[in-house]
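A.B. asks: Please read through the structure below; I'll follow up with questions.
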Amino acid sequence: MISRRILRIGLELTETFDGTGRIARHLPINIRHHLNTAYTFALKPPIMYSTLLTSLEENIFTITINRPDKLNALNKQVLTDLNAVLDEVYTNPHIKSVIITGSGPKAFVAGADISEFSGLTKEQSKALAKAGQDIFFRIENSPKPIVACVNGFALGGGCELAMSCHFRIASDNAKFGQPEVNLGLIPGYGGTQRLVQLIGKGRALELLMSGSLLDANTALQYGLVNYVVLQEELLQKAKSILAIINTKAPIAVGKCIAAANAVFDETKNGYEVEVTAFGDCFDTPDRVEGTTAFLEKRKPNFSSGGLS
Ligand code: COA
C-alpha cells in the first residue's frame, strides 16, 4: 500500500517537478530521499538485457538467463549482463529478493560457453576466470537473498552460478556437475571452493575428478539443494519462501548473509562479524519496530530495505 502511495506521489511529481527540487524540499529529508529514489525507479523504464529476461513482482526480482538454444551457456555477454543486472539488484529499493533461473525446460545453465575458449591465451583465460569469480562474489555477497531455481542442467559455470546463490531449489529433472575435466580444465568460477564448502571434500573431489553428474535427489541428499520439486512448481516454491523472507527486517536479513559468508572467509573471524552485525542491527529502526511490535502483539512493519 505504501509503495502504491509513493508511486502515486512519484507520478504527481512528474507533473509538477521541474528539476529544482521545490516540491521535495518541503518534505523531511528522509522522506525526500525515499521519494526521490521511488521517483527515479518508478519512472525509469525496465532495463533490458540482451541475454537476460527480468521481472519484478511483489518485490521478488526474477532473472532468467535466456539462451535456450545454447542451454543458457555463459558467454561473455551473459557475464556482462549478469554484472549489470546485479547493479539493479543492489540499488533498486523495490527489489527485496531475487530468483535466478534458466530459460526453457532443459537447462539452468550448461556451463561457460565452450565456443569462446578457443584461441584464449593463458593470461586471457585467467582474466576470464577472475571476471567470472568477481561476478559470482557479488551474488554471494548480495545483502538481498538470491535463490537459484535450477530447472535442468547446472553444469560447469552453471553449477558454480547456482552455488554462488544463497540457496538452491531444483526441479526433479535437474542435473549438477563440474565436467571441466572432460575438457582438460578445472572449474574457474569458484567451483572447486564452493563445492567443497557445500558438500564436503570427499564428495566434491569425486565429482570434480570424475566429471560425473548428480541427479536432483542425490543433490538433495548431499545438501547441495534445499528442495526438489516438479518443474512447474519450481518458481512458486522459491517465491513462497522469499515472500516470507521479504516480510522480515531487511537489514537483519542482509546481516545473516554477511555473517554466514564469513564462515568461509579466512580474512574474517565469523564470531566477530556476528557481534558487529548484532550491534549494527540493534541500532536500526527495524529493531525498534520488531521489538515494539512483539510487545504490542502485532505484526512488525519493517521499512529499511524497500518501499512497500
Ligand atoms: N557451451 C557452448 N555451447 C553449449 C554448451 C556450452 N557449455 N552446452 C551446450 N551447448 C550448446 C550445444 O553446442 C548445442 O548447440 P548447437 O545446437 O548449436 O549444436 C546446444 O547447446 C544444445 O546442446 P546439445 O549438446 O545438443 O544438447 P544435449 O541434450 O545433447 O546435451 C549436455 C546436453 C548439457 C549434456 C551437453 O550440451 C554438454 O555436455 N554440454 C557441455 C557441458 C560442459 O562441459 N559444461 C562445462 C563447460 S566449462
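A.B. asks: What's the total number of residues in the range 153-174 that are under 16 Å from ASN72 (Cα atoms) and either within 8 Å of the ligand (Cβ to nearest atom) or acidic (Asp, Glu) (or both)?
C.D. replies: Qualifying residue count for the region: 6.
A.B. asks: Looking for something in contact with a helix residue (DSSP H, G or I) (Cβ under 8 Å, 6 or more places away or on another chain) and farther than 24 Å from HIS166 by Cα - is there at least one such residue anywhere in the range 264-273?
C.D. replies: So far as the range 264-273 goes, no, none of its residues is in contact with a helix residue (DSSP H, G or I) (Cβ under 8 Å, 6 or more places away or on another chain) and farther than 24 Å from HIS166 by Cα.
A.B. asks: Given the criteria in a helix (DSSP H, G or I) and either at pLDDT below 95 or surrounded by 15 or more Cβ atoms within 10 Å (Cβ to Cβ) (or both), does ALA258 qualify?
C.D. replies: yes
A.B. asks: Checking the conditions here, which among LEU161, LEU155, LEU198, LEU205 is surrounded by fewer than 17 Cβ atoms within 10 Å (Cβ to Cβ) and either over 26 Å from GLN236 (Cα atoms) or not charged (D, E, K, R) (or both)?
C.D. replies: Of the residues listed, the single one that is surrounded by fewer than 17 Cβ atoms within 10 Å (Cβ to Cβ) and either over 26 Å from GLN236 (Cα atoms) or not charged (D, E, K, R) (or both) is LEU205.
A.B. asks: I would also like to ask the following. When you scan the range 130-140, do you find a residue that is within 12 Å of the ligand (Cβ to nearest atom) and more than 25 Å from SER97 (Cβ to Cβ), even just one?
C.D. replies: Checking the range 130-140: not a single residue is within 12 Å of the ligand (Cβ to nearest atom) and more than 25 Å from SER97 (Cβ to Cβ).
A.B. asks: Name the pairs: first residue in the range 104-115 and closer than 19 Å to LEU235 by Cα and touching a residue at least 12 places away in the same chain (Cβ under 8 Å), second residue open to solvent by 40 Å² or more (accessible area, probe 1.4 Å) and more than 6 Å from the ligand (Cβ to nearest atom), Cβ to Cβ under 7 Å, at least 6 apart or on different chains?
C.D. replies: Once the first residue is closer than 19 Å to LEU235 by Cα and touching a residue at least 12 places away in the same chain (Cβ under 8 Å) and sits in the range 104-115, its partners that are open to solvent by 40 Å² or more (accessible area, probe 1.4 Å) and more than 6 Å from the ligand (Cβ to nearest atom) give GLY104/PRO68; PRO105/GLN231.
A.B. asks: Can you say whether ASN75 is within 16 Å of the ligand (Cβ to nearest atom) and modelled with pLDDT of 95 or more, as far as the supplied structure shows?
C.D. replies: So ASN75 passes the test.
A.B. asks: Restricting attention to the range 128-181, which residues are of a type in the set (Lys, Arg) and either in contact (Cβ under 8 Å) with a residue 24 or more places away in the chain or assigned to a strand (DSSP E or B) (or both)? Can you show your working first?
C.D. replies: Residues of the range 128-181 of a type in the set (Lys, Arg): 130, 138, 144, 168, 175.
Of everything in the range 128-181, those that are of a type in the set (Lys, Arg) and either in contact (Cβ under 8 Å) with a residue 24 or more places away in the chain or assigned to a strand (DSSP E or B) (or both) turn out to be ARG138, LYS144, ARG168, LYS175.
A.B. asks: Those residues that are touching a strand residue (DSSP E or B) at 6+ places or on another chain (Cβ under 7 Å), charged (D, E, K, R) and in a helix (DSSP H, G or I), I need them from the range 202-250; list them, please.
C.D. replies: Scanning the range 202-250 gives LYS237, LYS239.
A.B. asks: Which pairs do you get when a residue that is under 11 Å from TYR222 (Cα atoms) and modelled with pLDDT under 95, found in the range 185-205, comes within reach of a residue that is open to solvent by 50 Å² or more (accessible area, probe 1.4 Å) and among the aromatic types (Phe, Trp, Tyr), reach meaning Cβ atoms under 7 angstrom, with the pair 6+ apart or on two chains?
C.D. replies: From residues that are under 11 Å from TYR222 (Cα atoms) and modelled with pLDDT under 95, there are no pairs.
A.B. asks: Here is a further query. For PRO179, only one of the following conditions fails: (1) more than 10 Å from the ligand (Cβ to nearest atom); (2) open to solvent by 10 Å² or more (accessible area, probe 1.4 Å); (3) over 10 Å from the mean Cα position of the chain (by Cα). What is its number?
C.D. replies: Every condition holds for PRO179 apart from (1).
A.B. asks: Being open to solvent by 10 Å² or more (accessible area, probe 1.4 Å) and among the aromatic types (Phe, Trp, Tyr) is the filter here, so list the residues in the range 90-149 that pass it.
C.D. replies: Correct list: TYR90, PHE117, PHE137.
The values are calculated or read from the model by the stated rules, or taken from the named source; none is laboratory data. All figures in this text were calculated on a predicted structure; none of them were measured in a lab. All Cβ positions, even for glycine, are placed from backbone atoms using ideal geometry, and neighbour counts span all protein chains on display. When the accessible area is computed, the model is the full protein with side chains, heavy atoms only, and any ligands, DNA or RNA have been set aside. Shrake-Rupley method; radii C 1.70, N 1.55, O 1.52, S 1.80 Å.
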